[in-house]
Protein chains: 2
Amino acid sequence: MADKKVEAITSMEEDFAQWYTDTVVKADLTGYTSVKGFMVLKPAGYAIWELIQKQLDERFKATGVENVYLPMLIPEGLLQKEKDHVEGFAPEVAWVTHGGLNELQEKLCVRPTSETLFCDFYQKDITSYRDLPKVYNQWCSVVRWEKETRPFLRSREFLWQEGHTAHATEEEAQERTIQMLNVYADFCEEVLAIPVVKGQKTEKEKFAGAVATYTIEALMHDGKALQSGTSHNFGDGFAKAFGVQFTDKDNQLKYVHQTSWGVTTRLIGAIIMVHGDDNGLKLPPRVAPVQVMIVPIQQKKEGVLEKAEELCERLSAISRVKVDATDKSPGFKFAECEMRGVPLRVEIGPRDIENNQCVVVRRDTGEKMTVSIDELENKVVELLETIQKDMLETARAHRDSHTYTAVTWDEFKDTIENRPGFIKAMWCGETECEENIKAETGASTRCMPFEQESLSDVCVCCGKPAKKMVYFGRAY
Amino acid sequence: MADKKVEAITSMEEDFAQWYTDTVVKADLTGYTSVKGFMVLKPAGYAIWELIQKQLDERFKATGVENVYLPMLIPEGLLQKEKDHVEGFAPEVAWVTHGGLNELQEKLCVRPTSETLFCDFYQKDITSYRDLPKVYNQWCSVVRWEKETRPFLRSREFLWQEGHTAHATEEEAQERTIQMLNVYADFCEEVLAIPVVKGQKTEKEKFAGAVATYTIEALMHDGKALQSGTSHNFGDGFAKAFGVQFTDKDNQLKYVHQTSWGVTTRLIGAIIMVHGDDNGLKLPPRVAPVQVMIVPIQQKKEGVLEKAEELCERLSAISRVKVDATDKSPGFKFAECEMRGVPLRVEIGPRDIENNQCVVVRRDTGEKMTVSIDELENKVVELLETIQKDMLETARAHRDSHTYTAVTWDEFKDTIENRPGFIKAMWCGETECEENIKAETGASTRCMPFEQESLSDVCVCCGKPAKKMVYFGRAY
């Protein structure tokens, strides 16, 4: 039974994309409806998002963020006010043309992102320096009419948060932009156990309408990169397009400086692809909806289920814990726990009860331990912390051992073909050269990392003087 | 200053509708954008919704509810599968006709409610009795193309939760329908301090596609009723329309029985209209984003702000507390606290510090107390509990003293004209008679309460034999 269930997943080595799809389905994270390109987040998937949301929201609020909710529909005229922005988004929005039984005078798009709505709102809500800063965020879903879709990575609707701030000065906006990037990076490392590279996007890769876009980039198990969160500094461009002005302390009318920043359900895709293995999902304890699954052995024997429930009751004070009392075989339950990424499994049977012990198994390493029942709470607390820490270290080791440097163009091409991962290389700063690199190798500029190194004096591709060290990689 | 701010609200007696609008604006709950019929939930408004969401979600989960997320768009063909349902909703939905640059082959409506999507999903996800029950809920926004809108009470988009369940038997579905109605009723009383009447909707008032609709009805300060939550039993009607079948333990193929239940941001409108007064909002402590506001007196004097911050630090362990250290006058700050409904105000000035005391003021009664600083935590905990309890009792007393009985038609007409409130009266059970009552008096049937009384043998309007005692009332 156990083997059969596991057998149903394609191995990572054989076909990583298929392994991903199999894992999403077998771990019961998403489901299908008749709405093409849209997905259902099932309980096991949505619960991960709830844990992300809760812990990220706490970190936001600790920096002074307040939550709001703005309309889901944007009038065409509003979307068009900022030139770069509308060019970036118009080709991929869904349009509402009829409301009730009537055709609308002005069509409305389902928000693909809400910069324009926040500007419209701020224009009405901000008059004085006393109204600043505005540090608002909303949790919602957005729609982008993608042609090809994959669960969590690309779908026509996804859940996210979008922060939108307005400040009196350029410096304050820039500070907030970097502050939120750091919140994301710390969150990814400390909660999702995913190490990231922080840096700035190139001109070509920056957000439609931004002065500067910053990103956190993570490396998946297959060596491809995933942009995992972005933070944008808009300068006063949107403020000028929307007339968002305030009277400053010196009585002068000035434009505000704005930022926006967001992460999405893509993070769940990152969790799957950074930590998963051929047995399925591996969830870091801090985002595991079930952290401990208790599996009774010979559960029909007197006292076994009762003991399992008693342990569950005790462990519920310190963890998210469940008993699997279904009529499946223990082997099947083990495989299902592994598939769903439950960090710890506790096995308890008649002989264990006799010896006042149970068996504890780590999902991340497979390590099995015999633990005295008297010590169980302490051991579980300790193990959940250890697993969280070890998963980050494992992911970091993988990321580091798959980060290469290329000084010559031949090295670059050889690395991208044969050693999937990040490539650090020098770049001249020209968009044309960046496009050539992408066209020839499929590698895009992931970011200009904050931690710059000097690998050589010249661009890895064109040989002109180098301006920046860049992380390159093929990406999702 | 203080008076000026308060002056700006129309008094309830003068014009309740205008008082409501003024309060919503002055308490800074909502804002405007250029999207007609849609509102912005500003931080003070959204924070109330977050507290509702958190506490209701805990109650849901305690009954076994799991959260999911389904698409926001519904293909036209799916909406049309259940005849009554499409008739009820088609006239008020927004239609997406274009995705990206192309016209869609099939138009999609923005969900006005998600019965059809859940059925489509359940049809694919349920095959055996082992898959039952499904007790799923989602938190999201929905769109209904209303002609006239009012903040929280009626807008083209609103936030809500919608629970959708599937069961093996009729009995289990009915049990869940009533269970969730009770969750809502208890939540309203215990958290929102709003007493409700529980009952069943008449045939005329039930939900499009339901076998039976149950409701909780609350009475606003002006004597008008507000439907505050509903729970529907669908029987197997939707299951038959969508082919949601399962193989039961006896190996027979059967249709599932379904329910749905929801509450919305309307609850915030109820809080405003049940508890508010001529000084603005009055928030029950359990849904007050700020429970205690500390107002420093003569804050420029040495040590005052420091002491205020020290008290804030101490109180933050047991409450949601803030210091108002802005440069407004204390009088203005007091009025603002009242306007925003903060349950407790703590005043601390140089003389208070000297005497190791502070002044504590209740928002609900206006009562002022001098409290020793050593006793402050205990006193605040006690007062917040007392306020929560007293606000419920005050609302209950108002509801009870505005609940009338009418045995004759003259009594009914006289009451509805001269004494706004609930009217309990006997009814024949005929839709035609119900429509007459509405047409002649503006009073609709709110519900057939679970607690039935026999007031007379005949219908209050037509004189035919009475079948049910009904709560009538003019309603929002």
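Charged side chains reduced to their Cβ positions (Lys and Arg at +1, Asp and Glu at -1) give the stretch B:319-476 a dipole of some 280 debye around its Cα centre. To put it simply, the accessible area of the stretch A:1-130 at a 1.4 Å probe is 47 percent carbon and sulfur.
Full extension from B:D414 to B:D390: what is 0.36 nm times the residue separation minus their Cα-Cα distance, to one decimal in nm? Could the numbers behind the result be given before it?
Numbers: separation 24, 0.36 × 24 = 8.64 nm, distance 3.19 nm.
Full extension from B:D414 to B:D390 adds 5.4 nm.
Find the accessible area per residue for the stretch A:1-151; the probe is 1.4 Å, ligands and nucleic acids are left out, and the unit is Å². On a per-residue basis, 41 Å².
Ignoring ligands, DNA and RNA, what percent of the accessible area of the stretch A:278-351 is carbon or sulfur (1.4 Å)?
Details: 1560 of 3160 Å².
About 49 percent, which is the carbon plus sulfur part of the accessible surface.
When a/c is below 1.5 the answer is rounded, else prolate if a/b is larger than b/c, else oblate, so apply that to the stretch A:275-315 with a ≥ b ≥ c taken from the square roots of the Cα gyration tensor eigenvalues. Here the stretch A:275-315 falls in the oblate category.
Shielding by partners for peptide B:21-33, expressed as the average number of C-beta atoms from other protein chains within 10 Å of each residue's C-beta, is 2.
Buried accessible surface for the B/A pair, both sides summed and rounded to the nearest 100, is 4400 Å² with a 1.4 Å probe. Under 12 Å from a label point 7 Å along Cα→Cβ of B:K61: give me every residue in the stretch A:321-342 with its amide N that close. It comes to A:321, nothing else. From the cross-link list A:K124/B:K42; B:K198/B:K438; B:K42/B:K282, which pairs have alpha carbons spaced over 19 Å apart? With Cα atoms farther than 19 Å apart: B:K198/B:K438. Taking Cα atoms only, the orientation of helix B:431-441 departs from the longest principal axis of chain B by about 30 degrees.
Once the convex hull of all Cα atoms in chain B is built, its volume per residue stands at 173 Å³. The charge dipole of chain A, taken about its Cα centre with unit charges on the Cβ of Lys, Arg, Asp and Glu (plus for the first two, minus for the last two), comes to roughly 640 debye. Taken about its Cα centre, the protein assembly as shown carries a charge dipole of roughly 740 debye when the Cβ of each Lys and Arg holds +1 and the Cβ of each Asp and Glu holds -1. Inter-chain neighbour count for A:99-109: the average number of beta-carbon atoms from partner chains within 10 Å of each residue's beta-carbon is 5. For chain A, the longest principal axis of the C-alpha atoms and the axis of helix A:409-418 are separated by about 40°. Since only B:C337, B:M369, B:V321 are under comparison, the one whose Cα sits farthest along the positive direction of the charge dipole of the stretch B:280-387, derived from C-beta charges on Lys, Arg, Asp and Glu, is B:C337. The trypsin sites (Lys or Arg not before Pro) of the stretch A:154-220 that DSSP puts in a loop, and whose beta carbon has at most 16 other beta carbons within 10 Å, are A:K204.
Which residue, A:T408, A:N436, A:P449, has the largest displacement toward the positive end of the dipole of the stretch A:405-476 when charges sit on each Cβ (Lys, Arg +1; Asp, Glu -1)? The one lying farthest along the dipole's positive direction is A:P449.
For the listed residue pairs A:K333/B:K249; A:K201/B:K322; B:K147/B:K224; A:K26/B:K61, the alpha carbons are over 32 angstrom apart in A:K201/B:K322. Mean partner shielding of peptide B:41-47, defined as the number of other chain Cβ atoms within 10 Å of each residue Cβ, is 5.
Over the stretch B:299-424, with the other protein chains present, what is the accessible area per residue in square angstrom, probe 1.4 angstrom?
Numbers: 6340 Å² over 126 residues.
I get 50 Å² per residue for the stretch B:299-424.
Of the solvent-accessible surface of the stretch B:408-464, computed with a 1.4 Å probe and all protein chains present, 43% belongs to carbon and sulfur.
A simple spin-label model places pseudo-atoms 7 Å from Cα toward Cβ; at A:T370 and B:Q18 they are separated by 8.3 nm.
Taking 7 Å steps out from each Cα toward its Cβ at B:T169 and A:E189 produces label points 5.6 nm apart. Given R0 = 35 Å, the distance between the Cβ atoms of A:I318 and A:D400 translates into a calculated FRET efficiency of 0.60.
For GluC sites (Glu not before Pro), the sites in the stretch B:410-474 that DSSP calls loop and that have at most 15 other Cβ atoms within 10 Å are B:E451, B:E453. The angle between the Cα long axis of helix A:170-190 and the main principal axis of chain A comes to about 20°, on a 0 to 90 degree scale. Over the protein assembly as shown, dividing the summed -39,500 (n - 2.57) contributions of all DSSP H runs of at least 4 residues by the number of residues returns a 222 nm mean residue ellipticity of -11000 deg cm²/dmol.
Its residue count N sets the reference 2.2 N^0.38 Å, and the alpha-carbon radius of gyration of the stretch B:78-186 equals 1.26 times that reference.
The values are calculated or read from the model by the stated rules, or taken from the named source; none is laboratory data. In this text, all values refer to a predicted model and were calculated from it rather than measured experimentally. Positions of Cβ are generated from backbone atoms using ideal geometry, with glycine treated the same way; all protein chains shown enter the neighbour counts. Side chains included, ligands, DNA and RNA excluded: accessible areas come from the protein's heavy atoms. Shrake-Rupley method; radii C 1.70, N 1.55, O 1.52, S 1.80 Å.
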